[in-house]
Amino acid sequence: MTGAAGIDEAEIREELRGLRSRVPELTGALLASADGLVLAHETPPGTEPDGLAALTAAALGVGARLSGAAARGDFRELLVRGSDGYVATYAAGGTAVLTLLAGDRVNVGRLHLEGRRSGRRLAGLMPTAPVAEGPPGGGRAVPASAGHAPADGTGRPAALPVRSPGSARPGRRPGDGPRSAGPRPTA
């Protein structure tokens, strides 16, 4: 079944189920657009996929800024450890992100290995042409820029395009405003 975003939801769900079978400690998996829209999910009861996708998009922005500020290159993945387990986020092409929920006894190396592999597979399932139609029910569609950015030849998924606050705004120059890290001229 192809969804409104031009993706094959059945193939994506099959990949998410396969991932969960390869990493038994996974309790959930979610694929979302970089702007926080759910594309597919296999989440446990009590988890709100829409809220998780929105928080993932927010975490992407923070992760990308942190990676840039530390001069570590483009965003690839993010791992959060809580008292009851892990939330791992992986780039899945240029416009999607894979979020995995795992228990506290998960083998983190295996989680990364399988999460990265699934991110690459899912990137290959993303549409490469712009999407003109909206989703059923009048919600927001995946942006027309949806389509995975090609891998850079290293086998890693391409980085997600994340706009930093204050960038690309008319009338603003880099360093303007309260987010400037540089010194301010004194009068």
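Could you check, for the stretch 121-139, whether at least one of its residues is among the acidic types (Asp, Glu), modelled with pLDDT under 50 and part of a loop (DSSP other than H, G, I, E, B)?
Going residue by residue through the stretch 121-139, those that are among the acidic types (Asp, Glu) are 133.
Now restrict to residues that are modelled with pLDDT under 50: 133.
Among the residues that remain, those that are also part of a loop (DSSP other than H, G, I, E, B) are: 133.
Looking through the stretch 121-139, at least one residue is among the acidic types (Asp, Glu), modelled with pLDDT under 50 and part of a loop (DSSP other than H, G, I, E, B).
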Among the residues of the stretch 88-106, write down those that are touching a Ser or Thr at 6+ places or on another chain (Cβ under 9 Å) and open to solvent by 50 Å² or more (accessible area, probe 1.4 Å). ASP104
Exception for ASP35 within (1) more than 16 Å from the chain's Cα centre (by Cα); (2) modelled with pLDDT under 90 falls at (1)
Among the residues of the stretch 83-111, count how many are closer than 17 Å to THR47 by Cβ and either in a strand (DSSP E or B) or among the aliphatic types (A, V, I, L, M) (or both). 13
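Considering GLU48, GLU42, GLU15, which residue is touching a helix residue (DSSP H, G or I) at 6+ places or on another chain (Cβ under 7 Å), without any contact (Cβ under 8 Å) to a residue 40 or more places away in the chain and either open to solvent by 60 Å² or more (accessible area, probe 1.4 Å) or acidic (Asp, Glu) (or both)?
Details: GLU48 fails: touching a helix residue (DSSP H, G or I) at 6+ places or on another chain (Cβ under 7 Å); GLU15 fails: without any contact (Cβ under 8 Å) to a residue 40 or more places away in the chain.
Every option except GLU42 fails the conditions.
The values are calculated or read from the model by the stated rules, or taken from the named source; none is laboratory data. As the structure is a prediction and not an experimental result, all values here were calculated from the model. All Cβ positions, even for glycine, are placed from backbone atoms using ideal geometry, and neighbour counts span all protein chains on display. Heads up: the accessible areas ignore ligands, DNA and RNA and are worked out on the full protein's heavy atoms, side chains in. Shrake-Rupley method; radii C 1.70, N 1.55, O 1.52, S 1.80 Å.
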